[in-house]
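Working notes for the structure below.
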Amino acid sequence: KQWYQRRVAITAGEGVNCSHSEQFYCSHDGSGAGLCVVPPVHSCYNSKCWGNATFSKVSIDCDQSSNRCTFNGTGYPTCTDTTRGAGVDCNGTDHTDFYCQQNTIGGATCQQTPEHSCYSLQCQGTGNKTGTYIPCDGATNRCGLDADGSTPLCINDARGSGVDCNTSASYYCGYNGTQLKDAICIYSEEYDCFDNICTGALAFNESTIGCNQNTHHCTVNITGYPLCINAANGTSGAGVFCKGHFSCKQDKETGVASCKTSHGLLPLYIVIGIIAVVVVAGIVVWFVRKRMGGADDRQSLLNRETGY
């Protein structure tokens, strides 16, 4: 009898075998039979556990990417570190097409970050940090705020803000104002004269580099330093349209193109031409009259000598 009691105490009963290649926890069906529960993998996970019954309004923090929610015998919520827990599935690739957030009750949400043609290169603060800007390439990062709610952060978990351009036209990216926060689409034009200098921004707003914008266009890097991009795709840069007869001129300091018109001299050329014609015609008339006058004098002398 003693042997039997010890045997009962150390011998397991009926159950099921679960695959250890996956995360799982044990549960039971309606009849009490053991079940292997494999929690699904999600894109984003909840951050709180809520109680049950009389504790239905009670919540505790619980990162369910590596924990799951349970209840104790009274319904009070517990966070158990056996497997991952509940969450939501998002569209696209993590750290590119979306990032995760939690709502006010700790439920996970997908924040989609669509692809854009041009991206912001800065994050701006709010409140008393409105004038604070930090570099942040929106093609691979997004902007956020520190715990104080005003200091800007550059977060490397998804794309950032940007603008969508008409991709059927030739364009390049520019920025509104003196900062690099608001990206804009600049469309190439078939200008008559093109600028030949690129100017930087921010700390490099007085830095310039040579750039023939008939075949290149200007942009800046994340620090504001000017770049001259080879327009292999036909994207030319800044310039001006001209009218009439002109030649192109670029400012020596800024490189901004202007049209040097020549049609204002045309009336002068016409007047000079008319004067020249009149002078030549006068000379011809004078010469003809002089020749005819000489012929009359010779005929008078001949008549006098012959008596006719």
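FYI, it's all coordinate maths here, none of it is from the lab. The structure displayed is predicted, hence computed values, not measured ones. Glycine gets a Cβ as well: all are built from the backbone with ideal geometry, and neighbour counts include every protein chain shown.
Can you give the net charge of the other residues whose Cβ lies under 14 Å from the Cβ of ASP195, counting K and R as +1 and D and E as -1? It works out to a net charge of -2. The HN-Hα couplings worked out from phi for the range 152-162 by the Karplus form 6.51 cos²θ - 1.76 cosθ + 1.60 (θ = phi - 60°) are x, 10, 10, 10, 9, 9, 4, 5, x, 7, x Hz, whole numbers, x standing for Gly and Pro. Using a simple spin-label model with pseudo-atoms 7 Å out from Cα toward Cβ, TYR76 and ASN205 lie 6.1 nm apart. Note that the range 179-185 has calculated 3J(HN,Hα) couplings of 9, 10, 7, 9, 6, 9, 9 Hz, one per residue in order, obtained from phi through the Karplus relation 6.51 cos²θ - 1.76 cosθ + 1.60 (θ = phi - 60°); glycine and proline are x.
The local environment of ILE222, defined by Cβ-Cβ distances under 13 Å, has a net charge of 0 under the rule Lys, Arg +1 and Asp, Glu -1.
The residues packed around VAL240, meaning those with a beta-carbon under 9 Å from its beta-carbon, carry a net charge of -2 if Lys and Arg are +1 and Asp and Glu are -1. Per residue, the average separation of C-alpha pairs within less than 8 Å and at least 6 apart gives the range 134-234 a relative contact order of 18 percent.
Computed extension gain for ASN103 through HIS20, at 0.36 nm per residue and net of the alpha carbon distance, reaches 26.6 nm.
Run through the range 30-99 and list the trypsin sites (Lys or Arg not before Pro) located in a DSSP loop whose Cβ has at most 10 other Cβ atoms within 10 Å. Walk me through the intermediate numbers first.
Working: sites: LYS48, LYS57, ARG68, ARG84; in loops: LYS57, ARG84.
Answer by residue number: LYS57.
For the range 36-48, 3J(HN,Hα) computed residue by residue from phi via the Karplus equation (6.51, -1.76, 1.60; θ = phi - 60°) reads 8, 10, 9, x, x, 7, 10, 7, 9, 10, 5, 10, 9 Hz, glycine and proline entered as x.
Close amide H contacts of THR78 (hydrogens built in the peptide plane, cut-off under 5 Å, sequence separation of 5 or more or a different chain): THR70, PHE71, ASN72.
Each peptide among 34-43, 212-221 gets the average number of other Cβ atoms lying within 10 Å of its residues, and from highest to lowest they stand as 212-221, 34-43. Placing a label point 7 Å from the Cα of ILE155 along the Cα-to-Cβ direction, the residues of the range 73-109 with a backbone N closer than 13 Å are 95-96, 98-103, 109. Amide H to amide H, with H built 1.01 Å from N, GLY239 comes under 5 Å of ASP195, counting only residues 5 or more places away or on other chains.
At R0 = 41 Å, how high is the FRET efficiency between HIS245 and THR93 if r is their beta carbon distance? Nearest 0.05 is fine. Step by step, r from the Cβ atoms, then E = 0.10. With both labels modelled 7 Å from their Cα along Cα-to-Cβ, the VAL280 to TYR225 distance reads 6.3 nm. For SER207, the residues whose modelled amide H falls within less than 5 Å of its own, excluding neighbours fewer than 5 places apart on the same chain, are GLY200.
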